[in-house]
Structures are given as C-alpha cells and as structure tokens.
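A quick write-up on the structure given underneath.
The values are calculated or read from the model by the stated rules, or taken from the named source; none is laboratory data. Source: prediction; values computed, not measured. With ideal geometry, Cβ positions are generated from the backbone for all residues, glycine too; neighbour counts draw on all protein chains shown.
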Amino acid sequence: MTAFIIFLVIVAFLAWRMLPAKGIKAISTEELATIINDRGKIFIDVRTPSEYKGRHIQQFKNMPLGTDFSKLPRDGDIFVICQSGMRSARACKQMKKLGYDNITNIRGGMNAWKG
C-alpha cells in the first residue's frame, strides 16, 4: 500500500511538471509542421550544442538552457523545443519571468518530430 501511494505521488508530480505555466501555450509537433516556414516567428532549440549538431530543425536557432534569453526580440512569437519538452518548458517559464508574452512550448520535442 505504501509503495502504491509513493507511486501515485511520483505520477502526480511528473504530471504537474509537464503542465504548461500560466500564459505559456503548447502545441504538438504536427501543429509546428504547419507554421515551421513562417519567417515572422522565432524558433529556439534549448538542447546542448552536441544534441543540436546531431539532429535539428533548420529553422531553429540553438540557445541552450541557461542562455541569456533577454536578448531575444520581444515583439515576435517564440517557439521553444528541446528533446522531450521538459527543458523547453523550463526555458518558457524563464522567458515568461523576463516579461515575454508570446511563448509556445513544443510538446514532445525532437522525440516527437517526424519532419
């Protein structure tokens, strides 16, 4: 019974961590595919340089988690991706704290990208 309760707590914690922060949108990689060629949008990949070098989406600029995001333009829609969606969610929260409004996390990250 104790193990079951611990399991439920862990599952609840992980589910809570995956929820987008207030004011941050989330889209699927299928939705991303429909807007990927929109030059008016800003695409950021927060994975490490070696992960980015191994496989990336051409339109995404590599800005690893921990980069100074305050240098990004404030007037555009920013789309953030990582490997699974966890680091990009953290990056989105950091950007939100910096005052950015139009931030979108890519759910599932590169693991879900079929392009």
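Just checking, how many residues over the stretch 62-78 are in contact (Cβ under 8 Å) with a residue 12 or more places away in the chain and within 17 Å of residue 48 (Cα to Cα)?
6
What number of residues within the stretch 82-103 are of a type in the set (Ser, Thr, Tyr) and either crowded, with 22+ Cβ neighbours inside 10 Å or over 13 Å from residue 45 (Cα atoms) (or both)?
Of the residues in that region, 2 qualify.
Go over the candidates 70, 50 one by one and state the one that is surrounded by fewer than 17 Cβ atoms within 10 Å (Cβ to Cβ) and touching a Leu at 6+ places or on another chain (Cβ under 7 Å).
Matching residue, one of 70, 50: 70.
Just to verify a result, which residue in the stretch 53-65, among those that are under 16 Å from residue 108 (Cβ atoms) and out of contact with any Leu (no Cβ under 9 Å at 6 or more places or on another chain), is surrounded by the fewest Cβ atoms within 10 Å (Cβ to Cβ)?
Among those that are under 16 Å from residue 108 (Cβ atoms) and out of contact with any Leu (no Cβ under 9 Å at 6 or more places or on another chain), it is 55.
Can you tell me which residue is surrounded by the most Cβ atoms within 10 Å (Cβ to Cβ) among those in the stretch 31-47 that are in contact (Cβ under 8 Å) with a residue 60 or more places away in the chain and over 16 Å from residue 103 (Cβ atoms)?
My answer is 47.
With modelled with pLDDT under 95 and among the basic types (Lys, Arg) as the only criterion, which of 17, 47, 87 stands out?
Every option except 17 fails the conditions.
Report every pair of residues separated by at least 6 positions or lying on different chains whose Cβ atoms are under 7 Å apart, first residue within the stretch 97-115 and farther than 12 Å from residue 31 by Cα and touching a residue at least 12 places away in the same chain (Cβ under 8 Å), second assigned to a strand (DSSP E or B) and of a type in the set (Asp, Glu).
Pairs found: 102/77.
Looking only at the stretch 85-94, decide whether some residue is more than 10 Å from the chain's Cα centre (by Cα) and among the aliphatic types (A, V, I, L, M).
No.
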